[in-house]
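Okay, so here's the structure we're looking at.
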Amino acid sequence: MTTSSRNLSVMSRNTHNAIIDQLRACETTEEILEFESWFNSKVKEFPLYSVISELLRNRSISRATASKWFETLLQDRDNKLSSK
């Protein structure tokens, strides 16, 4: 199955680098989740996980780094769903 990916080229290279730097500065799960909450409240066009996917696709970040961030975001989402 082929899917069309949404290109996030509306963000400049400097913006991508700033997001990468901010996420890499997050040392705890709470800091990553706080950044996600802040990012998603400020950027209405696409959620943070889409940006991380794009960074991974264009090889701006490693698979290990993306995996760490995705795991944190998904665990939080699972926790929220199971608590309902």
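The values are calculated or read from the model by the stated rules, or taken from the named source; none is laboratory data. Given the structure is predicted, the values throughout are model-derived calculations rather than measurements. When we count neighbours, we look across all protein chains shown, and the Cβ atoms used for this are built from the backbone with ideal geometry, even at glycine. With ligands, DNA and RNA removed, areas are computed over all heavy atoms of the protein, side chains included. Shrake-Rupley method; radii C 1.70, N 1.55, O 1.52, S 1.80 Å.
Please give me, ordered by residue number, the GluC sites (Glu not before Pro) of region 45-84 that lie in loop per DSSP and have at most 10 other Cβ atoms within 10 Å.
Sparse-neighbourhood loop GluC sites (Glu not before Pro): 45.
Quick query: amide H of residue 11 versus all other amide H atoms, modeled in the peptide plane; which residues come in under 5 Å with a sequence gap of 5 or more or a different chain?
For residue 11, whose amide H was placed from the backbone, there are no distant partners under 5 Å.
Report which label in (i) -1.00, -1.07, -1.27; (ii) -1.08, -1.17, -1.43; (iii) -0.93, -0.97, -1.10 holds the value of log10 I(q)/I(0) by the Debye sum over Cα atoms at q = 0.21, 0.22, 0.25 Å⁻¹ derived from the coordinates of this structure.
Entry (ii).
Please sort by residue number the trypsin sites (Lys or Arg not before Pro) in region 9-62 whose DSSP state is loop and whose Cβ has at most 13 other Cβ atoms within 10 Å.
Here the trypsin sites (Lys or Arg not before Pro) that fit, given the DSSP loop and packing criteria, are 44, 59.
Read phi for every residue in region 71-84 and hand back ³J(HN,Hα) as whole Hz from Karplus 6.51 cos²θ - 1.76 cosθ + 1.60, θ = phi - 60°, with x for Gly and Pro.
With the stated coefficients, region 71-84 comes to 4, 4, 5, 6, 4, 4, 4, 4, 4, 5, 5, 6, 8, 7 Hz.
If the chain between residue 78 and residue 65 were fully stretched, how many nm would it gain, using 0.36 nm times the residue separation less the Cα-Cα distance?
That works out to 2.7 nm of additional length.
Rounded to the nearest 500, what is the 222 nm mean residue ellipticity of the chain from helices alone, with -39500 (n - 2.57) per DSSP H run of 4+ residues and division by all residues?
Taken over the chain, the calculation gives -22000 deg cm²/dmol.
Probe radius 1.4 Å, ligands and nucleic acids ignored: give me the carbon and sulfur share of the accessible area of the chain as a rounded percent.
48 percent
With a 1.4 Å probe and all protein chains left in place, how much accessible area per residue does region 20-84 have, in Å²?
Each residue of region 20-84 exposes 68 Å² on average to a 1.4 Å probe.
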